[in-house]
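Written below as structure tokens is the structure these notes are about.
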Amino acid sequence: MSVSVTARRLTAAAAVAAAALGALALPAAAAGQPAARPHDRAVVISDVQYDSPGRDDRSNWSLNKEWVDVTNTSRRAVNLDGWTLSDEDGHTYTFRHFRLDGRATVRVHTGIGRDRYSDVYQDRRNYVWNNDSDTATLRNDHGRFIDEASWGYRDRDDRDHRGGHRH
């Protein structure tokens, strides 16, 4: 058997295997859950400052010292338009017309400010993140869970019994 015939047979076998594997993956995407986009897994909540330093006096300075960092760990830019960042009480910030460059971080401040490539503002006049316990949840533009960061819990079951106070 010649090398070219063997190479064609191996190529054909690889194509059949790839098609079979692709067919196995289809039912998961067709089950109502949007297929994961590769860049979704590259975007993470990398840091949270849930308790602004100093006295919680609701000044814009204090509100803006409460923030969440969202980082794109990949080399490719990601369009965050329509993505949301929310807390357990349902306070939600929606990214509008925002593109996060590769290997870049955007800081989402609670207070009022002028959006830039590295800082965006929720334009709120009250604190969002609970000092004693809360969870920041990031979802993509299809509402699919991307990442979360929690603090103040011994384990995940404690969230139902937090009884904490907001600033």
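Our coupling estimate for the range 60-65, obtained by passing each phi through the Karplus curve with A = 6.51, B = -1.76, C = 1.60 and θ = phi - 60°, is 4, 4, 5, 4, 7, 7 Hz, Gly and Pro reported as x.
Amide H contacts under 5 Å for Val48: Asp69, restricted to partners 5 or more places along the chain or on a different chain, H placed in the peptide plane at 1.01 Å from N.
Would you please give the FRET efficiency between Asp81 and Gln49, computed as 1/(1 + (r/R0)^6) with r the Cβ-Cβ distance and R0 = 25 Å, to the nearest 0.05? Don't skip to the answer; put the middle values down first.
Details: r = 25 Å, r/R0 = 0.99.
It comes to 0.50.
Under 5 Å between amide hydrogens, built in the peptide plane, is the criterion, and for Asp147 it picks out Leu138 among residues at least 5 positions away or on other chains. Database remark: amide H of Ser74 closer than 5 angstrom to the amide H of Arg103 (H placed geometrically; neighbours at sequence offset of 5 or more, or on other chains; Pro and chain starts carry no H).
Each value in this text was obtained by applying a stated rule to the coordinates, not by laboratory testing. Small disclaimer: the values here were computed from a predicted structure and weren't measured. Heads up, the Cβs are rebuilt from the backbone with ideal geometry, glycines too, and the neighbour counts pull from every protein chain shown.
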